[in-house]
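Read the structure below first, then the notes.
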Amino acid sequence: MSAYEGRNLIGGRWVPALSGETFTRRNPADVDDVVGAFPDSSAADVDAAVAAVAGGAAEWAATPAETRARVLEKAADLLEARAAELAAEIVREEGKTLAEASVETRRTPMNLRFHAAEAVRMSGQTYAAPGSALVYTWREPVGVVGAITPWNFPLNIPSRKIGPALAAGNGVVFKPSPLTPLTAQRLVEALLAAGLPSRALALVHGGPEPGAALAGDPRVGAVTFTGSTATGRAVHAAAGPSRRVQLEMGGKNPVVVLPDADLDRAARIIATGAFGLSGQACTGTSRVIALGEVYEPLLERVAKLAGERTVGDGRAPGVDMGPLAADFQLAKVLDHVRAGQEEGAELVTGGRRLTGDGLERGFFVSPAVFAGVRPDMRLAREEIFGPVLAFQRAADFEEALALADATEYGLASGIVTRDLGRALDFARRSRTGLVKVNQPTTGMAMNVPFGGLKESGTQTFKEQAGPTMMLFYTQEKSVYLSALE
Ligand code: NAD
């Protein structure tokens, strides 16, 4: 397959980085396969992109809401028409399996249609006022939105930011992950082909430098970020106290299993959450907290399911776990496996780099299950973002709740039980933004608000759906109106 030459989109033109520098993205299943070369942008490119969108956003804001909605719907149609091709590109660029990538290419058009409908739903309120006076509120776009995204859902997550931002009438400067620049480019191409004025959107490829410049640019009215908690903190600091910031960050998501659970079911729920997407999901299961006597039989079942995963190139039939997305992801996973053993946890299965049959050209690892993990170990506290699962034992429900909460993160949690009372108690008391009962921690509906608690999110504006999503991308004015006597 030929390598692609990516470009930034600035002021309606596809351009290289001002410096002329590029970076190369390779297939994580086979580093000999070059996906493409993309502009390695600097703060100067961001400066030009923000200036262009600041100039072009007004035209888009003045575009009737029905027209904005039609553009998003058309982009959804175009992405849907190319879904098979896009899914194959996502597999090649990011490393998912084809089945996993296809979920993303199905979901993204649905997102954009949902956002299109929001464009025509924007409304204000009227308030009681003395005499014939009228007080009303109305919502207007914030102007320029900066969108900074990770690689693990390279189409879906950007669509959840760019879609509502455009629906509300904002211009957007999009800084995707340098691991998935091609998919980002495809999303932007679809929006332009659907009729979006080209100065309403800019695409700036690259890494931390353009990201930090975008977050810190005072012309950007709102910064929406998804990524790690460490980077999120840097984005928040760069944006400063008076700017609107939405951060969706990391997780260390536990599943509590009670003694009444069907253990085969529980094991499947856990393995899906832990090893799907090669463990590279923000809501992925990374800890199991098993009560008393279920610990050993559950551990045995989950370890067996881990061992049965077929790891390989996501394009190959029968493969149900692709590579890690990058060399640094592989290094991080192997480092945690080593640290877990050094700290005294028992590696029950997996945790090895896979080689042979060409696998050494990619970042493949066997899914790992650790037993005997104590709350003070790194395995219990740090986000690994790979297929590494830590088993912890709890004596009773209260201890399980305490262990579940014993991290800085608060993204997702789960419980497996037939006891509805316990499940409801867990849902009420678990300090996470997402609670799953008898379901994997991963997976969510696109029409439901999404966001983490504690160090997993800013909690000010829920992402993804509903009124809080549009609140982030709009600002409210209160208008006092009287007729002259
Ligand atoms: P990351 O934090 O390394 O990068 C995210 C984005 O920020 C990228 O575009 C990156 O180039 C950019 N960036 C890097 N340094 C920056 C800086 N100093 N200023 C501004 N931008 C900067 O994350 P990643 O490795 O791309 O993604 C994995 C992480 O994302 C995991 O921690 C995962 O939990 C999290 N994630 C969270 C959610 C959620 O909804 N909560 C969803 C997906 C992924």
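When you have a sec, figure out the Kirkwood radius of segment 151-241 from all distinct Cα pair distances and drop it here in Å to one decimal?
This gives a value of 13.5 Å.
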Query raised in the report: If segment 19-72 were replaced by its equivalent ellipsoid, with semi-axes equal to the square roots of 5 times the Cα gyration tensor eigenvalues, what would those be, largest first, whole Å?
Result: 34, 19, 6
Query - Three principal axis lengths of segment 28-107 [C-alpha, angstrom, descending] - result: 45, 34, 14
Query raised in the report: Add -39500 (n - 2.57) for each DSSP H run of 4 or more in the chain, then divide by its residues: what number comes out at 222 nm, to the nearest 500 deg cm²/dmol?
Result: -12000 deg cm²/dmol
Query - Cα-based helix-to-principal-axis angle, 65-81 vs the chain, degrees rounded to 10 - result: 40
Report summary line: Measuring from the longest principal axis of the C-alpha atoms of the chain, the long axis of helix 83-94 (C-alpha) lies at a number of degrees, nearest 10, equal to 60
Report task. List the pair-distance distribution P(r) of segment 12-159, using every Cα-Cα distance, as the percent of pairs falling in each 10 Å bin from 0 up to the bin containing the longest distance, rounded to whole percents. Result -> 9, 25, 32, 22, 7, 4, 1, 0
Query raised in the report: Computed FRET efficiency, Cβ-Cβ of E66 and A237, R0 45 Å: what is it to the nearest 0.05?
Result: 0.70
Query raised in the report: Between E346 and A117, what is the spin-label point distance in nm, taking each point 7 Å from the Cα along the Cα→C-beta axis?
Result: 5.1
Requested in this report: Can you work out the accessible area per residue across segment 127-229, with the rest of the protein chains kept in place, probe 1.4 Å, in square angstrom?
Outcome: 24
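Using R₀ = 25 Å, calculate the FRET efficiency as 1/(1 + (r/R₀)^6) where r is the Cβ-Cβ separation of D396 and R338; round to 0.05.
After rounding to 0.05, the efficiency reads 0.15.
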Report summary line: With all protein chains present, the chain has a carbon and sulfur share of its accessible area (1.4 Å probe) in percent of 54
Query raised in the report: Just how far, in whole angstrom, is segment 201-252 from segment 255-327 if you go by their alpha carbon centroids?
Result: 32
Query raised in the report: How much accessible area per residue does segment 391-443 have, in Å², with a 1.4 Å probe?
Result: 45
Requested in this report: Give the Debye-formula value of log10 I(q)/I(0) at each listed q (0.15, 0.16, 0.21 Å⁻¹), with one equal scatterer per alpha carbon of segment 310-456, two decimals each.
Outcome: -0.91, -1.01, -1.32
Query raised in the report: Mind checking the dipole of the chain: about its Cα centre, +1 per Lys or Arg Cβ, -1 per Asp or Glu Cβ, Debye to the nearest 20?
Result: 840
Report summary line: For the pair R378 and D405, the simple spin-label estimate (label points 7 Å beyond Cα toward Cβ) gives in nm 2.8
Query - Accessible-area value, D419, 1.4 Å probe, nucleic acids and ligands omitted, Å² - result: 60
Query raised in the report: From the backbone phi of segment 134-139, what are the Karplus-calculated ³J(HN,Hα) couplings (6.51 cos²θ - 1.76 cosθ + 1.60, θ = phi - 60°) in whole Hz, Gly and Pro given as x?
Result: 9, 10, 9, 10, 9, 10
Query raised in the report: Where the centre of each part is set by its Cα atoms, how far does segment 62-138 sit from segment 356-416, in angstrom?
Result: 34
Report summary line: Order by accessible surface, 1.4 Å probe, largest leading, for residues W60, W151 comes to W151, W60
Query raised in the report: Roughly how tilted is helix 98-119, in degrees to the nearest 10 and between 0 and 90, from the longest Cα axis of the chain?
Result: 30
**Report entry** Tensor-based shape of segment 379-452 (alpha-carbon gyration tensor, a/c under 1.5 rounded, otherwise prolate or oblate)
**Finding:** oblate
Report task. Please give the solvent-accessible surface of R186 in Å², to the nearest 10, using a probe radius of 1.4 Å with every protein chain present. Result -> 30
Query - Pairs of Cα atoms farther than 33 Å apart, the chain, % - result: 39
Report task. Mind listing the long-range amide H neighbours of A368? Cut-off is under 5 Å, sequence gap 5 or more, other chains count too, H placed in the peptide plane at 1.01 Å from N. Result -> G351, V388, L389
Requested in this report: Determine one quarter of the surface area of the Cα convex hull of segment 270-322, which equals its mean projected area, and express it in nm² to one decimal.
Outcome: 3.8
Query raised in the report: So, by mean Cβ neighbours within 10 angstrom, what's the order for 197-210, 233-246 with the highest one leading?
Result: 197-210, 233-246
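The values are calculated or read from the model by the stated rules, or taken from the named source; none is laboratory data. What you see is a predicted model, and the numbers here were worked out from it, not measured in a lab. Here Cβ is always computed from backbone atoms with ideal geometry, including for glycine, and neighbour counts include all displayed protein chains. Accessible surface is based on the protein model in full, side chains and every heavy atom, while ligands, DNA and RNA are left aside. Shrake-Rupley method; radii C 1.70, N 1.55, O 1.52, S 1.80 Å.
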